[in-house]
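> Please see the structure below; I have some questions.
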């Protein structure tokens, strides 16, 4: 059975748990548990789904071989700044932010994790911390991002790490998914033609490039009004991956809506990306040069 089918079958068969998550099979006995750091520091727009993301990952992570740590604030924890941020975070998510929800991403703390997942906006890292993160990935670490992870750390080298920068969301609607690489672990949960409702991103021409990225999912342009988009090539990717030094980087733009995080198809897709990034599941990372979703 194909990897995508294995992931999808396991997740769909399990059904939803109390929080709308799925119960996937436990990892193999000889498979080492991976330590996942979820970062939801939102110095820009605070998505109301970041709390659900934390809840979902803490529910499905351990069942799929991931020990999940969540940091809601990764900047200098000035008491006044933290109190203001906690109030804003609570208004959007229903959750507060205390010292126990804070941490700094740097060369010392990264030693404690195998994979980092950004669901962030603004500037969650200093320049030094960003350099530490990039060095860690190049040395063999795993970086992953969802949705607004591309709406983060503009005008830095981070764009090359995540693979692209947000350039608006012309479509918040039901779209059809095009699976460009059905053999990739992160294609789990979806088949071409499947529909999903979410806030759909488009990306700046730089650094996004099929010369560097391996596109896994993209928008089926027959399901959208392409005249609303900015890209002349009509290339509206949803998910991609890349080799980054000795490490790996995976990104999916899905995840704006709470309902998406509770969708077993998205969970299978994200878990496939996390497992690929940590070297536990197969998937090609050869750049998709010369191929665009609009052609």
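Taken together, the values in this text are just the output of simple stated rules run on the coordinates, not laboratory data. Not measured: the values here are computed from a predicted model. Heads up, the Cβs are rebuilt from the backbone with ideal geometry, glycines too, and the neighbour counts pull from every protein chain shown.
> In the chain, what % of DSSP beta bridges are antiparallel (nearest 5)? Walk me through the numbers before you get to the answer.
Details: 21 of 43 bridges.
Around 50 percent antiparallel, to the nearest 5.
> Here's a follow-up. Under a crude label model (7 Å from the Cα following the beta-carbon direction), how far is residue 32 from residue 232 in nanometres?
Rounded to a tenth, the inter-label distance reads 4.8 nm.
> While we're on this one: Specify the residue with the greatest mean-square fluctuation among 224, 175, 200, computed from a Gaussian network of the chain linking alpha-carbon atoms under 10 Å apart.
Comparing 224, 175, 200 in a Gaussian network model of the chain, the most mobile one is 224.
> Next question. What FRET efficiency, computed as 1/(1 + (r/R0)^6) with R0 = 35 Å and r the Cβ-Cβ distance, is obtained for residue 286 and residue 48, rounded to the nearest 0.05?
On the way: r = 37 Å, r/R0 = 1.05.
Here the calculated transfer efficiency is 0.40.
> Mind running the shape call on the stretch 18-174? Use the C-alpha gyration tensor, a ≥ b ≥ c as the square roots of the eigenvalues: rounded below 1.5 for a/c, prolate if a/b tops b/c, oblate otherwise.
Details: a/c = 1.31, a/b = 1.13, b/c = 1.16.
It comes out rounded by the Cα gyration axes.
> Taking the Cβ of each residue in 249, 86 as the centre, tally the other Cβ atoms inside 10 Å and list the residues starting with the fewest. Walk me through the numbers before you get to the answer.
Numbers: 249 24, 86 17.
Neighbour counts put them in this order, fewest first: 86, 249.
> At what distance in nm do the modelled label points of residue 67 and residue 204 sit from each other, each positioned 7 Å from its Cα along Cα→Cβ?
Taking the two extended label points, one gets 3.8 nm.
> Taking Kirkwood radius over Cα pairs in Å as the quantity of interest, determine which of [x] 20.9; [y] 18.9; [z] 19.5 was computed from the displayed structure.
[y]
> Going by the alpha-carbon gyration tensor, a ≥ b ≥ c the square roots of its eigenvalues, is the stretch 193-295 rounded (a/c under 1.5) or, if a/c is not under 1.5, prolate (a/b greater than b/c) versus oblate? Don't skip to the end; give the middle numbers.
Values: a/c = 2.05, a/b = 1.13, b/c = 1.81.
Oblate, since a/c reaches 1.5 and b/c is not below a/b.
> What list do you get for 256, 47, 269 if you sort them by fewest beta carbons within 10 Å?
Details: 256 21, 47 25, 269 31.
Sorted ascending by nearby Cβ count, the order is 256, 47, 269.
> On to the next question. Using helices alone, I'd like the mean residue ellipticity at 222 nm for the chain: each DSSP H run of four-plus residues gives -39500 (n - 2.57), total over residue count, nearest 500. Let's see the in-between values first.
Values: 7 runs with 73 residues, N = 295.
It comes out at -7500 deg cm²/dmol, rounded to the nearest 500.
> Now for a separate question. Compare 271, 217, 153 in a GNM of the chain, Cα atoms joined below 10 Å, and give the one with the largest fluctuation.
153
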